[in-house]
1. Would you mind putting 8-15, 25-32 in packing order, based on average other-beta-carbon counts within 10 Å, highest first?
2. Does segment 171-308 come out rounded, prolate or oblate by the C-alpha gyration tensor, with a ≥ b ≥ c the root eigenvalues, rounded set by a/c under 1.5 and, if not, prolate when a/b is larger than b/c and oblate if not?
3. Pairs of alpha-carbon atoms within less than 8 angstrom and 6+ residues apart define the contacts here; what relative contact order does segment 171-308 have, in percent?
4. Take each of the peptides 141-148, 216-223, average the number of other beta-carbon atoms within 10 Å over its residues, and list them starting from the highest.
5. What ranking do 63-70, 185-192, 296-303 get when scored by the average of other Cβ atoms within 10 Å per residue, highest first?
6. Round to the nearest 0.05 the FRET efficiency obtained for Arg99 and Lys24 when R0 = 30 Å and r is the Cβ-Cβ distance.
7. Just to be sure I follow: if Rg is taken over the C-alpha atoms of segment 21-73 and Rh is the Kirkwood radius over the same atoms, what is Rg/Rh?
8. Once you have a ≥ b ≥ c as the square roots of the Cα gyration tensor eigenvalues for segment 286-365, tell me rounded if a/c is under 1.5, and otherwise prolate or oblate according to whether a/b is larger than b/c.
Amino acid sequence: MKAAVLFEYEQPVQTVDVELMDPKPGEVLIKIAAAGVCHSDLHVIKADLPLPVPIILGHEGAGVVEAVGEGVTRVQPGDHVVLSWVPECGECYFCKISRYDMCDTAAALAISGAQRDGTTRFSLNGEDVHQFSMTGTFAEYTTVPQESAIPIRKDVPLELAALVGCGVMTGVGAVINTAKVRPGSSVVVIGAGGVGLNVIQGAALAGAEKIIAVDLVDGKLSLARTFGATHTINAKEKDVVMSVLDYTDQLGAEYAFEVIGRPETIAQAYNCLRKTGTAVVVGVAPPNAEVSINAFSIPSQAKTLTGTWYGQANPRVDLPRLLDLYKAGKLKLDELMSKSYDLSQINEAFQDMVDGKVARGIIKF
Ligand code: PAD
Ligand code: ZN
């Protein structure tokens, strides 16, 4: 079977034949139908998210259950599933308090690139091949823990369902679960890419009155309007903080989201806020990056600076709910899928993302 493997950082991904073992107890074999291309995959290539290579990238995907290992109770062959890249262990402190997004076990395993028992399921000429966050969706088939296989309704095309597996969950979840944006409020979204567009539509869903989208690419800003932005700022042309003040009666926004992963734009999100506002960092910055914020503003302006991981998802509840919202006409998925590719075109898909040509690129199998 074919998979897109990163062998070395900063090098193109190679589509090669790999071997995949049968699922072990508690695991599920999935035939992938579609996989979205997320900037987090590119972070791995750039070593900004340094995971062990060789690794099968891709963590946003959907498919059909092909086989299940011993003791699997959550799904059966034939089920349609969206993959969750945070398979909760259910046993750590954070799982006990129902913060599955913060599962310590899932975090440690993501860094190891292995499955729960510490070994890999994929190999190439006898060498271990890792998986991105126990998923690895840029592959014809993948084996995942059953906690990663979230059963979904069958009346949503799998190529659209794939999108909720990362970008939609993260973006909408950042708004609804983390910031808990209130109707009538003002929201700034810095970075209108695959995830940022979902923050924008999440804010619209939450009833925000002003949704100010910021990007460097005009095409992204017009997409942002499609997803519910009421105002747009091209950061190449205008000062972001000054423009946000102008759009908010010189108060600043109540909520700001950084959806790029750069220290400067994280500080910008904080600086866009009015006193008592909340900034949520979605973007993943390199491990050693640090953000500079005026210290006096911390007590004197009483803002909140927080972050979100996987949109603070409870995947078994939230992923099916997002698809219900799509079926109810309240969430856009078709408009996100701007271009589809064969697995062998994966590097082109990354380049299109870097060039700002797509909302979300989708690999179709
Ligand atoms: P993307 O490349 O589709 O979007 C990034 C957008 O930011 C593009 O539209 C760029 O034009 C725009 N941009 C870049 N620099 C600037 C700037 N200085 N000012 C304004 N706009 C700018 O990426 P994505 O949406 O797939 O991912 C965005 C980030 O979110 C990335 O860091 C990714 O790793 C992270 C992410 N986090 C989680 C999580 O759980 N927190 C999940 C998924 C993705
Ligand atoms: Zn992602």
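1. 25-32, 8-15
2. rounded
3. Reported relative contact order: 22 percent.
4. 141-148, 216-223
5. Answer by packing, highest mean first, reads 185-192, 63-70, 296-303.
6. The pair Arg99/Lys24 has a calculated efficiency of 0.65.
7. My calculation puts Rg/Rh at 1.08.
8. Note, shape of segment 286-365 comes out oblate.
The values are calculated or read from the model by the stated rules, or taken from the named source; none is laboratory data. Note that the structure is a prediction, hence the values are computed from the model and not measured. Note that we place each Cβ from the backbone using ideal geometry, even for glycine, and neighbour counts take in every protein chain shown. For accessibility, only protein heavy atoms count, side chains too; no ligands or nucleic acids. Shrake-Rupley method; radii C 1.70, N 1.55, O 1.52, S 1.80 Å.
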